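Participant: Here you go, one structure.
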Amino acid sequence: MIGLLIQLVIIGLIFYAVWWFIGYIGLPEPFNKIARAIVALVALIVVVTFLLQLGGMQAPTLNWPK
């Protein structure tokens with residue numbers, strides 16, 4: 001359980017660093033908001049998948065047609 005908590009903290013730090021870097025490079029406003037929204041959406045998907053697996057559920061996967 002401690003290992004999973006450490007993984008969650010590391011994932012959070014990575015997404016925080018990406019969030020900080022987007023603000024640091026100073027993108028113009030429409031692109032800044034779009035980039036932050038994409039990072040937030042990816043972080044949400046990663047955290048929800050992580051928490052579903054932590055609860056013992058199978059995380060949803062995408063099956064692309066061949």
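Participant: Looking at (1) surrounded by 10 or more Cβ atoms within 10 Å (Cβ to Cβ); (2) at pLDDT 85 or above, which is the only condition T49 fails?
Facilitator: (2)
Participant: Would you pick out the residues in the stretch 21-33 that are part of a helix (DSSP H, G or I) and surrounded by fewer than 10 Cβ atoms within 10 Å (Cβ to Cβ)?
Facilitator: Y24, I25, E29, P30
Participant: Based on this model, can you work out whether A35 counts as at pLDDT 80 or above and in contact with a Leu (Cβ under 7 Å, 6 or more places away or on another chain)?
Facilitator: yes
Participant: How do the pairs read when you match residues in the stretch 1-28 that are within 17 Å of Q53 (Cα to Cα) with residues anywhere that are among the small types (G, A, S) and surrounded by 11 or more Cβ atoms within 10 Å (Cβ to Cβ), using Cβ under 9 Å and keeping only pairs 6 or more apart or on different chains?
Facilitator: Taking only residues 6 or more apart or on different chains, the pairs are I11/A43; G12/A43.
The values are calculated or read from the model by the stated rules, or taken from the named source; none is laboratory data. Predicted model, so just to flag it, every value in this text is computed and none were measured. Note that each Cβ is placed from the backbone with ideal geometry, even for glycine, and that neighbours are counted across all protein chains shown.
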